[in-house]
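First the structure, in the form of structure tokens, and then the observations on it.
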Amino acid sequence: MRSAITAEFLEDQIHPLSRRYEFARALFIETSGLTVSSNLNQTFVEPLAAQRGVVVSILHNGLIYEGSSVVHGARDVLRTIRQLENSVSQSRQKGNLQLAAEQPLRFSSGAQMTDELSEADKAEFAARLAREIKARKKLVAMASARYKQTNTREIYVSGKKCLEQHLPRFEAIYSAVLKDDATNSTAQIYDGFSQKGSWELMGENLHLIDGMLADGERILGAPRLEPGNYECIFSPSLSGMLAHEAFGHGTEADTMQKGRARGTEYLGKMVASDKVRLYDSPQLEGAAASYHFDHEGMPAAQTQIVEQGVLTQPMTDHASASRMGYRRSPNGRRESFDHKIYSRMTNTYFMPGNDDLQSMIASITDGYFVDRATNGMEDPKSWGIQLEALVARRIRNGRLTDEYFSPVIVTGYVPEILQSISMVSGDLHINGLGMCGKGYKEWVKVTDGGPYLKLRARLA
């Protein structure tokens, strides 16, 4: 149920604060949603507990003070402001933070999307699809289909801005366990999508299931490949994870500010081959991590992180941009109203190039096509990286073979991997199933992607 909190009400409370202090703002967030899942034996319909809350921020004597609260009504907002002002009045601390002046802006993204499907219809669709996944391949032992839809409404108000946005996000995950009794081998595999929208997307992208099951059969009993340095083709799934892990926390300005990111050493320098262009953008049409403004009221815009191999711009929030003298980017994000703000990724991706996939494969004498990324991690301080994938397909003499290996681990030093990129395909694919953790495992929605990339990496 939508709360009675309005943008006009928040303006009435924040404008007096803006006159009393150096800066004041409020962010109101409410979220609701529904998860529907089926695993052949059972079907679950689980409403997500509605969350409504506000965080109020005041800049006073060069320091930011914040107060947050769950919101049931207007009184909760007023109480939060009173308590915050009391804390500010008792503080004798001083800092040196100066925030850039905001430009006046009013904006509303319009009404929240409506949902015409009943819960019974949603449950039946998920159950039917799980049965269909099971029926498509004899070796499928277990199958499931899961859908999750969330509706988020956000209001940002400061002395000069009044912004409101509605962010509907829809996610589908299909999964299967394949089992071959003759070889006593099993393989677990999944696929899906996440993008802006609602339950009208339930029947979209079902073609992913056939590719998922085909790869599941191929990796049943597949051996591990021999560790070594190889020429590789990364699918967009791997390209996206490389973009996220290589330029994630390592180029988030608050991480740089704390001396925990080696990316600082490469600003303005070549960090990749001149074929590499990499962006982060909450403006990407239809992407699950897109929005109209960040949690500090910064309008969405594209951030050019790498251009022709040069690391040009980190991702920033208001405070880190001010303290380090970087250009502000729209990357100030919170997990929720009661979590800290950080510089966070949104949709992070390699830009397409001019090569075609067949030519890329033909250029490799002995290497691997690596697909279906599952997990990744990086150490921003040393800039080491590790990516995990389910499928590695051998390339010999410029042709894809029927030799499959699983799983595969990619490791290396980020600049070395990026500088080895020699070919970039002309297509762009975005994967929206990811979440990104930071701080005390505070999670935000992210997507990543890119074209096919030819590069060298260590595989195991």
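What follows draws every value from the coordinates through simple rules; no lab data is involved. Bear in mind that the values here come from a model prediction, so they are computed numbers and not experimental data. Don't worry about glycine lacking a Cβ; one is built from the backbone with ideal geometry, like all the others, and counts go over all protein chains shown.
With bins 10 Å wide starting at 0, give me the P(r) of segment 346-415 over every alpha carbon pair, in whole percents.
Percent of Cα pairs in each bin: 18, 36, 39, 7.
With axes computed from alpha carbons, what is the tilt in degrees of helix 119-136 against the longest principal axis of the chain, rounded to the nearest 10 within 0 to 90?
20 degrees
Which log10 I(q)/I(0) values does segment 19-138 give at q = 0.14, 0.16, 0.19, 0.21 Å⁻¹ under the Debye formula, counting every alpha carbon as one identical point scatterer?
For segment 19-138 at q = 0.14, 0.16, 0.19, 0.21 Å⁻¹, log10 I(q)/I(0) is -0.78, -0.89, -1.09, -1.20.
List the residues whose amide H sits under 5 Å from the amide H of Gly159, counting only those 5 or more places along or on another chain, with H placed 1.01 Å from N in the peptide plane.
Residues meeting the amide H criterion: Ala24.
Given bins 10 angstrom wide, list per bin the percent of all Cα-Cα distances in segment 179-264, short to long.
Pairs per bin, as whole percents: 13, 24, 30, 23, 10, 1.
For segment 7-218, how big is the tail of P(r) above 27 Å, as a whole percent of Cα pairs?
Numbers: 11570 of 22366 pairs.
Every Cα pair in segment 7-218 considered, those over 27 Å come to 52 percent.
What are the extents of the Cα atoms of segment 374-460 along their three principal axes, in Å, largest first?
47, 27, 27
Please compare each pair in Lys148/Lys179; Lys381/Lys445; Lys138/Lys438; Lys160/Lys196; Lys161/Lys196 to a cut-off of 31 Å on the Cα-Cα distance and tell me which ones are over it. Don't skip to the answer; put the middle values down first.
Numbers: Lys148/Lys179 28 Å; Lys381/Lys445 24 Å; Lys138/Lys438 42 Å; Lys160/Lys196 29 Å; Lys161/Lys196 25 Å.
With Cα atoms farther than 31 Å apart: Lys138/Lys438.
Just to check, using Stokes-Einstein with a Kirkwood Rh over alpha carbon pairs, what's the diffusion coefficient of segment 308-359 at 10 °C and 1.306 mPa s in µm²/s? Present the calculation step by step, with values, prior to reporting the outcome.
Numbers: Rh = 13.5 Å.
Stokes-Einstein gives a translational diffusion coefficient of 118 µm²/s.
Of Gly437, Gly353, Phe44, which is farthest towards the positive pole of the chain's charge dipole, taken about the Cα centre with +1 and -1 on the beta-carbons of Lys, Arg and Asp, Glu respectively?
Gly437
How many percent of all Cα-Cα pairs in segment 228-459 sit more than 34 Å apart?
Numbers: 3302 of 26796 pairs.
Result: 12 percent of Cα pairs exceed 34 Å.
Cα convex hull of the chain: mean projected area in nm², to one decimal? Mind showing how you got there, number by number?
Values: hull surface 90.9 nm².
Projected area, direction-averaged: 22.7 nm².
What are the trypsin sites (Lys or Arg not before Pro) within segment 1-76 that DSSP puts in a loop, where the Cβ has at most 11 other Cβ atoms within 10 Å? Walk me through the numbers before you get to the answer.
Numbers: sites: Arg2, Arg19, Arg20, Arg25, Arg52, Arg75; in loops: Arg2.
Answer by residue number: Arg2.
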